[in-house]
Amino acid sequence: MKAIQLTGYGKISENIRLSEIDKPSIKKDEVLVETFAAGVNPLDNKVASGKLKRLTKTPLPITMGHDVSGNVVAVGADVNEFKIGDEVYGYTHMQGAFAEFVAVKANLLSLKPKNTSFEEAASFPLVSLTAAQVLKRGNLKAGDKILIHAGSGGVGSLAIQLAKARGAFVYTTTSTQNVEWVKALGADRVIDYKTENYKTIVKDADMVLDTLGNQYTVDAFDVIKKGGKVISLVGPVDEETAKRMKLNTVANLFLSWKRRKVTAQIKRKSAYYSLLLMRGNKNQLKETAELVEAGSIKPKVDKVFPLQEALQALTYVAKGRTKGKVVIKMK
């Protein structure tokens with residue numbers, strides 16, 4: 001079968017190739033999916049750069065891609081919830097979606113929303129799981145105020161729709177050319193960061209979704225109320241997560257130093273801060289599918305590339321200017 005593989009870390013144009021590899025076999029808890037479409041994420045570029053190699057520890061070459069939609073063509077012995085022919089979508093966790101077939105654990109899949117194409121369904125898994133888990137960790141409720149940075153991005157555009165589905169008041173930031181596009185997602189106040197200062201507009205928010213990191217993480221505490229929450233996708237590792245990682249003393253001291261500014265802000269605002277490390281969850285994928293079928297959230301696909309143009313797709317995503325998601329089409 002054809003697959004896009006990463007052969008080395010560093011400059012992506014020099015280290016990915018379209019290969020012919022064996023079709024994967026499946027374990028008892030897996031299904032084999034014939035891939036119709038695969039979502040492209042900033043995570044794929046991080047993997048290619050080598051920034052995550054200490055975490056993944058996966059020998060090269062590896063088949064890239066985390067988001068998949070397609071048809072079930074084989075079912076593991078312990079899998080009861082899917083059958084051959086089912087249209088599914090999900091998150092592969094250990095990559096492999098940029099291929100004609102991929103083995104996926106059944107607990108990382110859901111039936112595809114009936115009212116979406118495979119390309120649209122492939123745009124959902126990682127960003128919808130991330131957005132859903134952010135809102136859950138922040139315990140966002142109806143009537144709460146939330147600031148979502150980068151509203152035109154994959155996570156931001158889904159988080160806006162999920163937050164509105166919960167009845168929250170949504171502030172979001174975006175660039176001038178995307179203001180109207182983001183308004184159409186349902187955000188209550190779209191802030192053009194090129195002409196407006198969000199810190200003078202957002203006051204006493206219950207929660208901030210930080211997708212930008214660095215000074216934005218620190219500044220998030222300026223716009224939350226006393227006791228508010230900051231959930232980051234790119235900020236420093238919080239103390240609770242660091243404990244779960246069971247690191248040595250030197251590593252813990254380093255992480256403590258890295259988050260020193262955030263720690264000071266937490267104390268100043270009596271706030272809650274957490275770095276979210278997304279995990280696959282079939283129930284959340286099912287909930288997203290139900291919301292899509294009900295019309296509460298809609299897929300936002302920016303561009304679709306064929307498999308042989310995977311490099312162009314990854315390069316386009318790396319520029320950070322997408323409106324919604326980028327997808328690779330197999331079938």
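Values quoted throughout were computed directly from the atomic coordinates according to the rules given, and no laboratory measurement underlies them. All values reported here derive from a predicted model rather than from experimental measurement. As a convention, Cβ positions derive from the backbone with ideal geometry for all residues, glycine included, and neighbour counts pool all protein chains shown.
When only C-alpha pairs under 8 Å and at least 6 residues apart count, what is the relative contact order of the range 127-275, in percent?
20
With no solvent and one equal point scatterer placed on each C-alpha of the range 127-275, evaluate the Debye formula and give log10 I(q)/I(0) for q = 0.15 Å⁻¹, two decimals.
With no solvent term, the Cα-only Debye profile gives -0.72.
When you count, for each residue, the other Cβ atoms within 10 Å and take the mean per peptide, how do 229-239, 275-285, 192-202 rank with the highest first?
My ranking of the peptides, most packed first, is 229-239, 275-285, 192-202.
Could you tell me the center-to-center distance, by alpha carbons, between the range 57-76 and the range 212-291 in angstrom?
So the two Cα centres are separated by 29 Å.
Assigning unit charges at the beta carbon (Lys, Arg +1; Asp, Glu -1) and nothing else, what dipole magnitude in debye, to the nearest 20, does the range 127-275 show about its Cα centre?
560
Can you sort Phe118, Phe254, Phe124, Phe305 by how many other beta carbons sit within 10 Å, fewest first?
Going from least to most buried by this count: Phe254, Phe305, Phe118, Phe124.
Suppose a student asked you for the relative contact order of the chain, using Cα pairs under 8 Å spaced at least 6 residues apart; what percent would you report?
It rounds to 19 percent for the chain.
Run the simple label-point estimate for Lys11 and Asp219 please: 7 Å along Cα→C-beta, distance reported in nm.
The two pseudo-label positions are separated by 3.4 nm.
Quick check on my link table: of Lys164/Lys267; Lys114/Lys303; Lys83/Lys141, which ones sit more than 32 Å apart, alpha carbon to alpha carbon?
Lys83/Lys141
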